[in-house]
Each structure stands twice: as C-alpha cells, then as structure tokens.
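This report refers to the structure that appears directly beneath it.
No value in this document is a laboratory result; all are computed from the given coordinates. All values reported here derive from a predicted model rather than from experimental measurement.
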Amino acid sequence: MGHQKTLKNEAFQKGVGLFTGKGVSISLLPAPENTGIVFRQTGGGKKFFLPALLPYVKRTPRCTSLELSGTFNVMTVEHLLSAIHAYEITNLFIDVDGPEIPVGDGSSHLFVEMIEKSGVCFQEQCNQVYKIQKPIHWTDGTTLIIGLPSEEYRISYTMHYPHSSFLRSQYYSFQVDSKSYKEEIATCRTFSLYEEIAPMLENGLLKGMGLENGVVIKDNAVMNPGGLRFPDEMVRHKILDLMGDLSLIGKLFLGHVIAIRSGHYSNVAFAKLLMEHFMEKGS
C-alpha cells in the first residue's frame, strides 16, 4: 500500500450488460497520480467524468450504480471495482461505451485478466492509508456490518438463507491481497434463487441473464451444467461484492470488516460510516 498504482497499458473488453442485455465495452487506461478511479463517457461532443466515489452512488437494487447529475450513469460497477481494489490500483480511467459494465461470467475474473494482461506499475506519489481506529457498526434488522481495528485488511462474511435448504448458512474470512483474491474470490459468480429472479425475468428486468453469467438455484439444485466452482462460492461472491462497494470510499484502509447478511444498500451505508470515521480521525 506504499505507492500509488496505475496500469502499464490500455486494456479493452466488450460483452453484454446483465440488466439491459445490450452490447457494452470498457477500456481501462493508465491515469496520472492523484486521479483516483474515474469512469468516462463521450456523448454529443463532450466527455463526462464520473468518479467512483460514494457521493455518486445512484441506487443499489441488486447492483451498484453511479450517476453524474443526470448526464451519465453506469450500472453494475461493483465487480470491476472489486478487482481494481484487490490490486490496489489507485489511479485509472475507465472508458465506458454503454449503460453498464460487461457482466462476463458473473464474477470479476474477466477484470483480473484485463489487469494482469495490462500490468500494474508503481507511481511516485505515496498513498495515504487509513486505519479503523475504533469499533464502528451499521445494522438494520438481521443485517449487521462491523469494522474493527486491525493491521491487515480482512473481510469476514456470514451468509444466511434460512428459507433455502440448499444455501442455508455459509461463512468465509479473507485477508485481502491480489494473489489470494485471484485464487479464492475472483472466479466466484453472482447467484440467485430462481424464484427470486423469475418475476424480474418475466418483466424484462434481467435481459442479459443466463446460466453463462451467474449461478441459478432451483428446487435445491444448481441449474448450471458445470455446477459450483467452490462449495461456498456464494459467500465468496458476497465478499467480492462487498470489496467493490467499500472501494467507493476512494481510500485504501486497514481494518477487519465483519458482515452478516449484507447487500449493496447496506454495504454502501456502512462505507459512508467508514468515510466519516476516517475524516474524523484523520487516519
């Protein structure tokens, strides 16, 4: 976490949006020091800049979306941001051609490949690394997220689906670093119970959804022909999502984040508490 990082070369990828079903493409480009992570889009002869930061979060219904004053919005940013954060990339332009980020196979493996193909390079400026100084928490009903002081960045997640005898409860704890992320987290796909997404499919709200880009569970069985990549793939994907949402703080930090049954809305709400804590403590 010493020096700022960006990519060595441009990386390009195209695919399909999960919610819109439209063809979309992204380019990851090196950015100067102190730029941060910034989405860009060109339209009407103008280029719009949308920072990947909490004030620009528009909504969080089954994904995280960012918007710039009604002129430029991009959906499903969490998988891409998760991979960027795992590699501690602090400066990057993301050129977007379309309304959302390509879904790939429903994991962040596609973006890890883009990053590693391009290569990561150090920059001259050093990072300011924040630390959780005291216990903080966010809770709503059965959802709880806690941040504890630690000399490492660790995420521990408990997933609980009492109404599904297949999913039940899963727990995973992960110390964040790029090598472990690639091996343990990046290939874990988004998942849904069939009965939860059936109404969305019928109403055309998941036009890009298929068994090639997510795990679907029906009648206590995985519908995907290849099955699961890990027995606990689902809770690992929850960690992937949480990392992406917490990256919207725009700061590298150390601490142990413990989450129980959280989703995008609660992740972002907790991230705002973390940001307030860091600004208050100055470290």
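Using C-alpha pairs under 8 Å with a sequence gap of at least 6, the mean separation divided by the residue count of the chain gives a relative contact order of 26 percent. Within the listed set Cys188, Cys63, Cys126, the Gaussian network model of the chain (springs between alpha-carbon atoms below 10 Å) gives the highest mean-square fluctuation for Cys126. In the Gaussian network model of the chain, springs joining C-alpha atoms below 10 Å, which of Ile89, Ile37, Ile197 carries the largest mean-square fluctuation? Looking only at Ile89, Ile37, Ile197, the biggest GNM fluctuation is shown by Ile197. Among the aspartates and glutamates, which have Cα under 18 Å from the Cα of Lys134 when same-chain residues fewer than 8 positions away are ignored? Excluding near neighbours in sequence, the set is Glu151, Glu152, Glu276, Glu280. For Lys8, the lysines whose Cα falls under 28 Å of its own Cα, not counting residues fewer than eight places away in the same chain, are Lys46, Lys47, Lys117, Lys179, Lys182, Lys251. Stokes-Einstein diffusion of the chain at 10 °C, 1.306 mPa s viscosity, Kirkwood radius from Cα pairs, rounded to a whole number: 83 µm²/s.
Per DSSP H run of n ≥ 4, the term is -39500 (n - 2.57); total these for the chain, divide by its residue number, and report the mean residue ellipticity at 222 nm rounded to 500 deg cm²/dmol.
-6500 deg cm²/dmol
If you sort the three axes of the alpha carbon gyration tensor as a ≥ b ≥ c, you get a/c of 1.5 or more for segment 67-115 and a/b no higher than b/c, which makes it oblate. Against the compact-protein benchmark of 2.2 N^0.38 Å, the Cα-based radius of gyration of segment 1-91 scales to 1.11.
Across His163, His237, His264, mean-square fluctuation computed from a Gaussian network of the chain (C-alpha pairs under 10 Å connected) peaks at His163. Taken over segment 129-281, the convex hull of the Cα atoms encloses 124 Å³ per residue.
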